[in-house]
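The values are calculated or read from the model by the stated rules, or taken from the named source; none is laboratory data. Predicted model only: the values in this text are computed from it and were never measured. Note that we place each Cβ from the backbone using ideal geometry, even for glycine, and neighbour counts take in every protein chain shown.
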Amino acid sequence: MSENVASIARAEAGARTEARLARDRRSRGTLRVARRRPVAEDVVEFTLESADGGRLPDWAPGAHIDVILPDGGAGAGLVRQYSLCGDRWRPYEYRIMVQREADGRGGSAALHDRVSEGDVLGFGGPRNNFRMAPAEEYLFIAGGIGITPLLPMIDQARRLEKPWRLLYLGRSARRLAALEELGEFGAEGELAAGGHRVTVHAADELGRADLERWRPSDPAVRVFACGPARLLDAVEGWGAVPGGRTPRVERFTASAQGGASRTEFEVVAARSGVRAAVGAGESVVEALHRVGVDVITSCAQGVCGTCETDVLEGVPDHRDSLLDDAERALGSCMFPCVSRSREARLVLDL
Ligand SMILES: Cc1cc2nc3c(=O)[nH]c(=O)nc-3n(C[C@H](O)[C@H](O)[C@H](O)COP(=O)(O)OP(=O)(O)OC[C@H]3O[C@@H](n4cnc5c(N)ncnc54)[C@H](O)[C@@H]3O)c2cc1C
(Lines give C-alpha, C1' and ligand atoms only; values in the text may rest on other atoms or scores of the structure.)
Protein backbone atom coordinates (compact mmCIF):
# COMPACT_ATOMS: atom_id res chain seq x y z
CA MET A 1 0.00 0.00 0.00
CA SER A 2 1.45 3.45 -0.91
CA GLU A 3 1.96 5.97 1.92
CA ASN A 4 -0.84 8.13 0.44
CA VAL A 5 -3.36 5.32 0.32
CA ALA A 6 -2.30 4.17 3.77
CA SER A 7 -2.79 7.64 5.23
CA ILE A 8 -6.25 8.00 3.63
CA ALA A 9 -7.17 4.56 5.03
CA ARG A 10 -5.86 5.68 8.44
CA ALA A 11 -7.90 8.92 8.32
CA GLU A 12 -11.10 7.08 7.33
CA ALA A 13 -10.59 4.39 9.95
CA GLY A 14 -9.85 7.11 12.54
CA ALA A 15 -13.11 8.90 11.76
CA ARG A 16 -15.01 5.62 12.14
CA THR A 17 -13.35 4.88 15.47
CA GLU A 18 -14.03 8.43 16.75
CA ALA A 19 -17.69 8.04 15.81
CA ARG A 20 -17.84 4.67 17.57
CA LEU A 21 -16.19 5.97 20.73
CA ALA A 22 -18.39 9.08 20.76
CA ARG A 23 -21.47 6.88 20.39
CA ASP A 24 -20.29 4.61 23.22
CA ARG A 25 -19.63 7.58 25.51
CA ARG A 26 -22.98 9.17 24.68
CA SER A 27 -24.95 6.01 25.22
CA ARG A 28 -23.90 5.14 28.73
CA GLY A 29 -26.51 5.81 31.36
CA THR A 30 -28.77 4.40 34.01
CA LEU A 31 -32.04 2.51 33.77
CA ARG A 32 -34.72 2.00 36.39
CA VAL A 33 -36.51 -1.35 36.55
CA ALA A 34 -40.15 -0.40 35.91
CA ARG A 35 -41.51 -3.97 35.88
CA ARG A 36 -40.21 -7.51 36.28
CA ARG A 37 -42.20 -10.67 35.68
CA PRO A 38 -41.48 -14.35 35.09
CA VAL A 39 -42.18 -15.28 31.47
CA ALA A 40 -41.03 -18.93 31.39
CA GLU A 41 -39.22 -21.40 33.62
CA ASP A 42 -35.94 -19.69 34.61
CA VAL A 43 -36.68 -16.65 32.42
CA VAL A 44 -37.51 -13.19 33.81
CA GLU A 45 -38.54 -10.19 31.73
CA PHE A 46 -37.42 -6.71 32.80
CA THR A 47 -39.00 -3.52 31.49
CA LEU A 48 -36.48 -0.72 31.90
CA GLU A 49 -36.94 3.05 31.75
CA SER A 50 -34.41 5.85 31.76
CA ALA A 51 -33.63 6.71 35.39
CA ASP A 52 -34.23 10.42 34.61
CA GLY A 53 -37.48 9.68 32.77
CA GLY A 54 -36.05 10.79 29.41
CA ARG A 55 -36.12 9.24 25.97
CA LEU A 56 -33.78 6.28 25.48
CA PRO A 57 -31.33 5.89 22.56
CA ASP A 58 -32.96 4.49 19.40
CA TRP A 59 -32.29 0.96 18.30
CA ALA A 60 -33.12 -1.46 15.48
CA PRO A 61 -33.98 -5.19 15.53
CA GLY A 62 -30.98 -7.33 16.52
CA ALA A 63 -29.60 -4.72 18.97
CA HIS A 64 -28.48 -5.45 22.51
CA ILE A 65 -27.49 -3.38 25.54
CA ASP A 66 -24.72 -3.89 28.08
CA VAL A 67 -26.17 -4.19 31.58
CA ILE A 68 -23.87 -3.43 34.51
CA LEU A 69 -24.82 -5.67 37.39
CA PRO A 70 -25.52 -4.14 40.80
CA ASP A 71 -22.95 -3.89 43.58
CA GLY A 72 -22.80 -6.45 46.36
CA GLY A 73 -22.92 -10.23 46.10
CA ALA A 74 -21.82 -12.57 43.31
CA GLY A 75 -21.66 -10.99 39.86
CA ALA A 76 -21.26 -7.42 41.21
CA GLY A 77 -19.96 -5.01 38.58
CA LEU A 78 -20.05 -7.63 35.81
CA VAL A 79 -21.21 -6.43 32.40
CA ARG A 80 -23.56 -8.70 30.49
CA GLN A 81 -25.27 -8.24 27.14
CA TYR A 82 -29.05 -8.55 26.67
CA SER A 83 -30.94 -8.31 23.38
CA LEU A 84 -33.68 -5.73 23.20
CA CYS A 85 -36.85 -7.69 22.65
CA GLY A 86 -39.57 -5.04 23.08
CA ASP A 87 -41.13 -2.51 20.78
CA ARG A 88 -38.54 -0.19 19.21
CA TRP A 89 -41.28 2.40 18.63
CA ARG A 90 -41.73 2.91 22.39
CA PRO A 91 -38.83 5.33 23.00
CA TYR A 92 -39.18 5.52 26.77
CA GLU A 93 -38.64 1.85 27.58
CA TYR A 94 -36.43 -1.14 26.82
CA ARG A 95 -37.49 -4.72 27.39
CA ILE A 96 -35.07 -7.60 28.02
CA MET A 97 -35.53 -11.25 28.99
CA VAL A 98 -32.89 -12.97 31.08
CA GLN A 99 -32.47 -16.72 31.38
CA ARG A 100 -30.76 -18.03 34.50
CA GLU A 101 -27.54 -19.84 33.59
CA ALA A 102 -26.87 -22.46 36.23
CA ASP A 103 -23.22 -22.88 35.22
CA GLY A 104 -22.46 -19.21 34.49
CA ARG A 105 -20.24 -16.78 36.39
CA GLY A 106 -23.14 -15.18 38.26
CA GLY A 107 -24.43 -12.42 35.97
CA SER A 108 -27.82 -13.90 35.15
CA ALA A 109 -28.27 -15.20 38.70
CA ALA A 110 -27.61 -11.68 40.05
CA LEU A 111 -30.35 -10.25 37.82
CA HIS A 112 -32.78 -12.97 38.87
CA ASP A 113 -32.02 -12.88 42.59
CA ARG A 114 -31.05 -9.31 43.40
CA VAL A 115 -32.77 -6.94 40.97
CA SER A 116 -36.26 -5.74 41.88
CA GLU A 117 -38.70 -3.16 40.57
CA GLY A 118 -37.39 0.36 41.32
CA ASP A 119 -33.71 -0.67 41.26
CA VAL A 120 -31.29 1.27 39.06
CA LEU A 121 -28.78 -0.42 36.71
CA GLY A 122 -26.00 1.04 34.59
CA PHE A 123 -26.13 0.33 30.87
CA GLY A 124 -24.18 0.88 27.66
CA GLY A 125 -25.28 0.81 24.04
CA PRO A 126 -27.46 -0.11 22.26
CA ARG A 127 -25.09 -1.86 19.87
CA ASN A 128 -26.07 -4.05 16.92
CA ASN A 129 -24.02 -6.95 15.50
CA PHE A 130 -27.05 -8.74 14.12
CA ARG A 131 -28.74 -6.35 11.73
CA MET A 132 -31.83 -7.42 9.88
CA ALA A 133 -31.03 -7.22 6.18
CA PRO A 134 -33.82 -6.58 3.65
CA ALA A 135 -35.37 -9.72 2.14
CA GLU A 136 -38.48 -10.82 0.33
CA GLU A 137 -39.08 -13.51 2.92
CA TYR A 138 -37.61 -14.45 6.29
CA LEU A 139 -36.90 -17.68 8.10
CA PHE A 140 -36.22 -17.11 11.81
CA ILE A 141 -34.77 -19.95 13.87
CA ALA A 142 -34.68 -19.57 17.66
CA GLY A 143 -33.33 -21.94 20.29
CA GLY A 144 -34.60 -21.15 23.82
CA ILE A 145 -33.67 -17.67 25.00
CA GLY A 146 -32.31 -17.01 21.49
CA ILE A 147 -35.85 -15.84 20.69
CA THR A 148 -35.05 -12.38 22.15
CA PRO A 149 -33.35 -10.63 19.19
CA LEU A 150 -35.77 -12.32 16.78
CA LEU A 151 -38.95 -10.89 18.35
CA PRO A 152 -38.32 -7.33 17.07
CA MET A 153 -37.31 -8.80 13.68
CA ILE A 154 -40.65 -10.60 13.49
CA ASP A 155 -42.40 -7.35 14.37
CA GLN A 156 -40.50 -5.54 11.62
CA ALA A 157 -41.25 -8.25 9.02
CA ARG A 158 -44.90 -8.01 10.02
CA ARG A 159 -44.96 -4.22 9.66
CA LEU A 160 -43.26 -4.47 6.26
CA GLU A 161 -45.82 -7.12 5.27
CA LYS A 162 -43.07 -9.58 4.36
CA PRO A 163 -43.80 -13.30 4.72
CA TRP A 164 -41.92 -14.93 7.58
CA ARG A 165 -41.69 -18.24 9.37
CA LEU A 166 -40.35 -18.99 12.83
CA LEU A 167 -38.98 -22.31 14.03
CA TYR A 168 -38.79 -22.07 17.82
CA LEU A 169 -36.93 -24.93 19.49
CA GLY A 170 -36.49 -25.80 23.13
CA ARG A 171 -36.10 -28.60 25.62
CA SER A 172 -39.69 -28.12 26.80
CA ALA A 173 -42.50 -25.61 26.16
CA ARG A 174 -42.30 -24.54 29.82
CA ARG A 175 -38.88 -23.01 29.13
CA LEU A 176 -39.95 -21.03 26.04
CA ALA A 177 -40.67 -17.32 26.57
CA ALA A 178 -43.08 -15.20 24.51
CA LEU A 179 -45.27 -18.13 23.42
CA GLU A 180 -48.36 -16.09 24.22
CA GLU A 181 -47.40 -13.11 22.06
CA LEU A 182 -46.30 -15.44 19.26
CA GLY A 183 -49.64 -17.25 19.59
CA GLU A 184 -51.35 -14.01 18.60
CA PHE A 185 -49.90 -14.45 15.13
CA GLY A 186 -52.20 -17.41 14.51
CA ALA A 187 -52.56 -21.11 15.09
CA GLU A 188 -49.28 -22.91 15.48
CA GLY A 189 -48.08 -24.58 12.32
CA GLU A 190 -50.81 -22.97 10.21
CA LEU A 191 -49.75 -20.74 7.34
CA ALA A 192 -51.67 -17.56 8.19
CA ALA A 193 -53.12 -15.13 5.66
CA GLY A 194 -50.03 -12.88 5.78
CA GLY A 195 -47.80 -15.83 4.88
CA HIS A 196 -46.36 -16.31 8.35
CA ARG A 197 -46.13 -19.39 10.46
CA VAL A 198 -44.87 -20.19 13.96
CA THR A 199 -43.66 -23.72 14.61
CA VAL A 200 -42.78 -24.60 18.19
CA HIS A 201 -40.73 -27.76 18.67
CA ALA A 202 -40.40 -28.95 22.28
CA ALA A 203 -37.89 -31.80 22.41
CA ASP A 204 -39.50 -33.46 25.47
CA GLU A 205 -42.68 -34.04 23.44
CA LEU A 206 -41.41 -34.39 19.88
CA GLY A 207 -37.82 -35.56 20.14
CA ARG A 208 -35.00 -33.98 18.21
CA ALA A 209 -36.04 -31.64 15.37
CA ASP A 210 -35.10 -32.44 11.78
CA LEU A 211 -33.37 -29.14 11.03
CA GLU A 212 -32.42 -30.14 7.50
CA ARG A 213 -36.10 -30.01 6.58
CA TRP A 214 -35.98 -26.24 7.20
CA ARG A 215 -33.08 -25.50 4.89
CA PRO A 216 -34.54 -22.99 2.40
CA SER A 217 -34.59 -23.81 -1.29
CA ASP A 218 -36.02 -20.45 -2.34
CA PRO A 219 -33.40 -17.68 -2.98
CA ALA A 220 -35.88 -15.05 -1.70
CA VAL A 221 -35.55 -16.38 1.86
CA ARG A 222 -33.00 -14.99 4.33
CA VAL A 223 -32.20 -16.92 7.48
CA PHE A 224 -31.64 -15.32 10.91
CA ALA A 225 -30.88 -17.61 13.82
CA CYS A 226 -30.02 -17.28 17.50
CA GLY A 227 -29.69 -19.96 20.15
CA PRO A 228 -27.27 -22.50 21.59
CA ALA A 229 -23.98 -23.27 19.86
CA ARG A 230 -25.05 -26.69 18.54
CA LEU A 231 -28.09 -25.25 16.77
CA LEU A 232 -26.14 -22.34 15.28
CA ASP A 233 -23.28 -24.61 14.16
CA ALA A 234 -25.87 -26.71 12.28
CA VAL A 235 -27.49 -23.65 10.66
CA GLU A 236 -24.11 -22.20 9.69
CA GLY A 237 -23.21 -25.65 8.37
CA TRP A 238 -25.82 -25.08 5.63
CA GLY A 239 -23.29 -22.67 4.09
CA ALA A 240 -24.68 -20.42 1.37
CA VAL A 241 -28.35 -21.16 0.79
CA PRO A 242 -29.85 -20.57 -2.71
CA GLY A 243 -29.20 -16.98 -3.72
CA GLY A 244 -25.68 -17.16 -2.28
CA ARG A 245 -26.57 -15.77 1.17
CA THR A 246 -25.17 -17.39 4.27
CA PRO A 247 -27.48 -17.58 7.30
CA ARG A 248 -26.93 -14.75 9.80
CA VAL A 249 -26.50 -15.96 13.37
CA GLU A 250 -26.01 -14.34 16.77
CA ARG A 251 -24.17 -16.24 19.48
CA PHE A 252 -24.68 -15.46 23.17
CA THR A 253 -21.56 -17.43 24.08
CA ALA A 254 -18.31 -17.81 22.16
CA SER A 255 -17.89 -20.49 19.50
CA ALA A 256 -14.60 -22.38 19.29
CA GLN A 257 -12.57 -20.34 16.80
CA GLY A 258 -9.28 -20.34 15.03
CA GLY A 259 -7.48 -23.48 16.25
CA ALA A 260 -5.06 -23.73 19.11
CA SER A 261 -1.99 -21.89 17.80
CA ARG A 262 -1.09 -18.83 19.86
CA THR A 263 2.16 -17.32 18.67
CA GLU A 264 3.79 -14.10 19.88
CA PHE A 265 3.61 -10.89 17.85
CA GLU A 266 3.92 -7.12 18.21
CA VAL A 267 0.91 -4.82 18.36
CA VAL A 268 1.21 -1.08 17.69
CA ALA A 269 -1.36 1.47 18.92
CA ALA A 270 -1.07 3.88 15.96
CA ARG A 271 -2.39 7.02 17.67
CA SER A 272 0.24 7.07 20.40
CA GLY A 273 2.84 4.93 18.65
CA VAL A 274 2.99 2.74 21.79
CA ARG A 275 4.03 -0.87 21.08
CA ALA A 276 3.44 -4.03 23.05
CA ALA A 277 4.68 -7.58 22.67
CA VAL A 278 1.67 -9.90 22.81
CA GLY A 279 2.70 -13.11 24.53
CA ALA A 280 1.29 -16.50 23.58
CA GLY A 281 -0.68 -16.61 26.82
CA GLU A 282 -2.35 -13.18 26.69
CA SER A 283 -4.79 -11.24 24.53
CA VAL A 284 -4.09 -8.06 22.55
CA VAL A 285 -6.28 -6.16 25.03
CA GLU A 286 -4.26 -7.48 27.99
CA ALA A 287 -0.94 -6.65 26.31
CA LEU A 288 -2.12 -3.11 25.51
CA HIS A 289 -3.46 -2.53 29.03
CA ARG A 290 -0.03 -3.56 30.35
CA VAL A 291 1.61 -0.66 28.45
CA GLY A 292 -1.11 1.85 29.36
CA VAL A 293 -3.31 1.76 26.24
CA ASP A 294 -6.96 1.58 27.23
CA VAL A 295 -9.33 -0.47 25.07
CA ILE A 296 -13.05 -0.39 25.85
CA THR A 297 -13.97 -4.04 26.21
CA SER A 298 -16.67 -6.12 27.83
CA CYS A 299 -17.32 -9.84 27.17
CA ALA A 300 -13.66 -10.90 26.59
CA GLN A 301 -15.08 -13.71 24.40
CA GLY A 302 -15.52 -12.04 21.00
CA VAL A 303 -19.30 -12.08 21.19
CA CYS A 304 -20.46 -8.61 22.24
CA GLY A 305 -18.64 -6.33 19.74
CA THR A 306 -17.64 -3.65 22.26
CA CYS A 307 -13.92 -3.65 21.41
CA GLU A 308 -14.25 -3.54 17.59
CA THR A 309 -11.09 -1.86 16.30
CA ASP A 310 -9.89 -0.90 12.83
CA VAL A 311 -6.78 -2.64 11.51
CA LEU A 312 -4.35 -0.25 9.78
CA GLU A 313 -1.58 -2.71 8.91
CA GLY A 314 -1.09 -6.44 9.20
CA VAL A 315 -3.41 -9.43 8.87
CA PRO A 316 -5.69 -10.25 11.78
CA ASP A 317 -6.25 -13.82 12.92
CA HIS A 318 -9.96 -13.61 13.69
CA ARG A 319 -11.22 -15.61 16.68
CA ASP A 320 -14.50 -13.82 17.32
CA SER A 321 -18.04 -15.10 16.80
CA LEU A 322 -19.25 -11.94 15.07
CA LEU A 323 -17.73 -11.37 11.63
CA ASP A 324 -18.92 -13.26 8.57
CA ASP A 325 -16.55 -14.80 6.02
CA ALA A 326 -16.48 -11.70 3.77
CA GLU A 327 -15.73 -9.39 6.71
CA ARG A 328 -12.98 -11.74 7.88
CA ALA A 329 -11.40 -11.81 4.43
CA LEU A 330 -11.47 -8.00 4.27
CA GLY A 331 -9.42 -7.83 7.48
CA SER A 332 -10.18 -4.15 8.06
CA CYS A 333 -11.43 -4.56 11.62
CA MET A 334 -11.03 -7.03 14.48
CA PHE A 335 -12.01 -7.75 18.08
CA PRO A 336 -8.77 -7.59 20.10
CA CYS A 337 -10.27 -9.26 23.17
CA VAL A 338 -9.80 -12.60 21.37
CA SER A 339 -8.38 -12.07 17.86
CA ARG A 340 -4.67 -12.17 17.18
CA SER A 341 -2.23 -11.59 14.30
CA ARG A 342 -1.18 -13.81 11.40
CA GLU A 343 2.01 -11.79 10.98
CA ALA A 344 4.79 -10.54 13.25
CA ARG A 345 3.30 -7.03 13.47
CA LEU A 346 -0.24 -5.65 13.72
CA VAL A 347 -1.06 -1.92 13.68
CA LEU A 348 -4.39 -0.93 15.21
CA ASP A 349 -6.29 2.35 15.16
CA LEU A 350 -6.03 2.94 18.89
C1 LIG B 1 -25.09 -10.01 21.96
C2 LIG B 1 -25.59 -10.82 23.13
C3 LIG B 1 -26.92 -10.80 23.46
C4 LIG B 1 -27.40 -11.56 24.53
N5 LIG B 1 -28.74 -11.56 24.82
C6 LIG B 1 -29.21 -12.30 25.84
C7 LIG B 1 -30.61 -12.31 26.16
O8 LIG B 1 -31.43 -11.65 25.49
N9 LIG B 1 -31.02 -13.06 27.21
C10 LIG B 1 -30.15 -13.82 27.96
O11 LIG B 1 -30.58 -14.47 28.92
N12 LIG B 1 -28.82 -13.84 27.66
C13 LIG B 1 -28.34 -13.08 26.65
N14 LIG B 1 -27.00 -13.07 26.39
C15 LIG B 1 -26.10 -13.81 27.29
C16 LIG B 1 -25.79 -12.94 28.53
O17 LIG B 1 -24.98 -11.84 28.15
C18 LIG B 1 -25.03 -13.70 29.61
O19 LIG B 1 -23.94 -14.37 29.07
C20 LIG B 1 -25.96 -14.69 30.33
O21 LIG B 1 -26.99 -13.99 30.99
C22 LIG B 1 -25.22 -15.54 31.32
O23 LIG B 1 -24.51 -14.73 32.21
P24 LIG B 1 -23.76 -15.41 33.46
O25 LIG B 1 -22.86 -14.40 34.05
O26 LIG B 1 -24.79 -16.02 34.33
O27 LIG B 1 -22.99 -16.55 32.78
P28 LIG B 1 -21.63 -16.45 31.92
O29 LIG B 1 -20.50 -16.52 32.85
O30 LIG B 1 -21.72 -15.29 30.98
O31 LIG B 1 -21.71 -17.81 31.13
C32 LIG B 1 -22.55 -17.98 30.02
C33 LIG B 1 -22.30 -19.37 29.46
O34 LIG B 1 -20.94 -19.48 29.09
C35 LIG B 1 -20.38 -20.63 29.69
N36 LIG B 1 -19.06 -20.21 30.25
C37 LIG B 1 -18.83 -19.37 31.26
N38 LIG B 1 -17.51 -19.23 31.47
C39 LIG B 1 -16.90 -19.98 30.57
C40 LIG B 1 -15.55 -20.26 30.25
N41 LIG B 1 -14.55 -19.71 30.92
N42 LIG B 1 -15.28 -21.10 29.22
C43 LIG B 1 -16.27 -21.66 28.52
N44 LIG B 1 -17.58 -21.45 28.78
C45 LIG B 1 -17.88 -20.62 29.77
C46 LIG B 1 -21.30 -21.08 30.80
O47 LIG B 1 -21.40 -22.48 30.76
C48 LIG B 1 -22.61 -20.46 30.45
O49 LIG B 1 -23.43 -21.39 29.80
C50 LIG B 1 -26.50 -12.33 25.31
C51 LIG B 1 -25.14 -12.33 24.99
C52 LIG B 1 -24.69 -11.59 23.92
C53 LIG B 1 -23.23 -11.61 23.59
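Miscellaneous remarks
- Qualifying positions in segment 323-338 - within 16 Å of the ligand (Cβ to nearest atom) and crowded, with 20+ Cβ neighbours inside 10 Å: L323, F335, C337, V338
- Top-ranked residue in segment 274-311 [being of a type in the set (V, I, T) and within 25 Å of F123 (Cβ to Cβ); ranked as nearest to the ligand (Cβ to nearest atom)]: V303
- With respect to being surrounded by 13 or more Cβ atoms within 10 Å (Cβ to Cβ) and not acidic (D, E), L121 fits the description.
- Checking segment 25-43 against the condition returns a match, with at least one residue being among the hydroxyl-bearing types (S, T, Y), within 16 Å of the ligand (Cβ to nearest atom), in contact with a Gly (Cβ under 8 Å, 6 or more places away or on another chain) and assigned to a loop (DSSP other than H, G, I, E, B).
- Reported count of residues in segment 312-332, each being touching a residue at least 60 places away in the same chain (Cβ under 8 Å) and either in the same structural domain as G107 (by TED's automatic domain parsing) or within 19 Å of R271 (Cα to Cα) (or both), is 3.
- Hey, S283 small (G, A, S), touching a His at 6+ places or on another chain (Cβ under 6 Å) and under 13 Å from V267 (Cα atoms) or not: no
- The set of residues in segment 101-129 being under 30 Å from S217 (Cβ atoms) and either assigned to a strand (DSSP E or B) or more than 7 Å from the ligand (Cβ to nearest atom) (or both) consists of N128 alone.
- Every condition in (1) assigned to a helix (DSSP H, G or I); (2) touching a Phe, Trp or Tyr at 6+ places or on another chain (Cβ under 6 Å); (3) within 9 Å of the ligand (Cβ to nearest atom) holds for G146 except the one numbered (2).
- Residue in segment 87-100 that is within 10 Å of the ligand (Cβ to nearest atom), surrounded by fewer than 19 Cβ atoms within 10 Å (Cβ to Cβ) and not assigned by TED's automatic domain parsing to the domain that holds R174 present: yes
- Output for segment 223-254, where each listed residue is part of a strand (DSSP E or B), hydrophobic (A, V, I, L, M, F, W, C) and either within 12 Å of the ligand (Cβ to nearest atom) or without any contact (Cβ under 8 Å) to a residue 60 or more places away in the chain (or both): C226, V241, V249
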